[in-house]
Amino acid sequence: MNAVVEFQQYSNVGFEQIRTCFDEEYGVMWSFMRPEPRPCFTQTALQDLLLQHTHLESMKGRVVSQGNFEQTNYLILASDVQGIFNLGGDLTAFQEAIRAQARNELLSYAKLCIDNVWTFHNMQAPITTISLVQGQAMGGGFEAALSAHVMIAEKSAQMGLPEVLFNLFPGMGALSFLSRKIGMQAAEAMVRSGKIYTAVELHEMGVVDVLAEDGQGEKALHDWIRKNHRSLNSFQAIQRAKQRVNPLTVEELYEITEIWVDAALRLNERDLKIMERLVRAQDRKVAQQEQDVAAQAIAQAF
């Protein structure tokens, strides 16, 4: 690949919880998620992603890179957090809204999620969207990965929809995206099971499109782009045709997320306690990842 440049020309203040860069050789725009305090979909991360992606869409993929107009051909959703793609919805915010029975607040968050997956899935520009899953993608993180035209995952990646554990269901696109890939019966079985799948299992099921060796996700992505770039116009036309044959509408996604909000507001204290335990587990995982990164840095220093 040629020059890769940091790219942040969407607002005067810049992004807070994503990092962007642009690779000129094939026109690859990267969105690296880096949410805080945990790697889930915070309001800020969602707003950053939506700003970047809607701006690209409005410009038909044209960007200014190093003083020149360039065309974005590929938009990549990836993570800056080692070992974690995204752990899904902001469970702490969910608990607060549910306990307060703040329907409008919960619905506003849910619609922001839908706006993100819909824009990424239905990009109104000649751009192919790709999710690169390295590490864990849970709940809404898995849904975001599913919304891409192409999903690439490393073998050790784990993905699942654990919402059933706290008596809910994934309401930000899981059934819609999965049913169009593997059929409704298999999609419902995944949603109802709460099972965590390996990338290898999901590749065998037809959910993951490209399976990469561990640590080779970016190489597999670059290889896929090089292999398919000459037929990019054909690939994008087929994606549009698939949408015509088996259409997905934003209205469908909005209506399902309304069902999700109403179901969430019916959760009881026992369900919310389970949600709290998941948050604590997420915090422990993040702390362990930070320790592992620090240990690696120390080892490399010597």
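Values quoted throughout were computed directly from the atomic coordinates according to the rules given, and no laboratory measurement underlies them. Here the structure is a predicted model, which means the values were calculated and not measured. Cβ atoms come from the backbone with ideal geometry, glycine included; neighbour counts cover every protein chain shown.
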Subject >> R0 of 22 Å, Cβ-Cβ distance Lys181-Ser156: FRET efficiency to nearest 0.05 >> reply: 0.55
Subject >> Environment charge at Glu276 (Cβ cut-off 14 Å; Lys +1, Arg +1, Asp -1, Glu -1) >> reply: +2
Subject >> Spin-label model distance (nm) - Thr44 vs Glu16, 7 Å beyond Cα toward Cβ >> reply: 0.4
Subject >> Residue order, fewest to most beta carbons within 10 Å, for Arg34, Arg192 >> reply: Arg192, Arg34
**OP:** Would you kindly derive the ³J(HN,Hα) couplings of region 161-170 from the backbone phi angles with the Karplus curve 6.51 cos²θ - 1.76 cosθ + 1.60 (θ = phi - 60°), listing them in order in whole Hz, with x for Gly and Pro?
**Re:** 10, x, 4, 4, 4, 10, 6, 10, 9, x
**OP:** Would you kindly derive the ³J(HN,Hα) couplings of region 100-107 from the backbone phi angles with the Karplus curve 6.51 cos²θ - 1.76 cosθ + 1.60 (θ = phi - 60°), listing them in order in whole Hz, with x for Gly and Pro?
**Re:** 8, 6, 8, 4, 4, 5, 5, 5
Original post:
Across all directions of projection, what mean area in square nanometres is found for the Cα convex hull of region 168-258?
Top reply: 7.4
Original post:
What is the Å³ per residue value for the convex hull set by the Cα atoms of the chain?
Top reply: 139
Subject >> Net length gained if the chain between Arg266 and Gln239 were fully extended (0.36 nm per residue, minus Cα distance) >> reply: 5.9 nm
Subject >> Cβ-Cβ FRET estimate between Val164 and Glu213, R0 fixed at 25 Å, reported to 0.05 >> reply: 0.20
Original post:
Check Ala157: other-chain or 5+ apart residues with amide H under 5 Å from its amide H, H built from backbone geometry?
Top reply: Gly135, Ala199
Original post:
Applying the Karplus parametrisation 6.51 cos²θ - 1.76 cosθ + 1.60 with θ = phi - 60° to the phi angles of region 196-213, what ³J(HN,Hα) value in whole Hz is obtained for each residue in order, glycine and proline being reported as x?
Top reply: 9, 9, 7, 4, 5, 4, 5, 5, 5, 7, x, 7, 8, 7, 10, 9, 10, 5
Original post:
Do the alpha carbons of any pairs in Lys242/Lys273; Lys195/Lys227; Lys155/Lys227 sit beyond 32 Å of each other, and which pairs?
Top reply: Lys242/Lys273; Lys195/Lys227
Subject >> Footprinting exposure proxy for Asp23, Asp80 (fewest neighbouring C-beta atoms within 10 Å first) >> reply: Asp80, Asp23
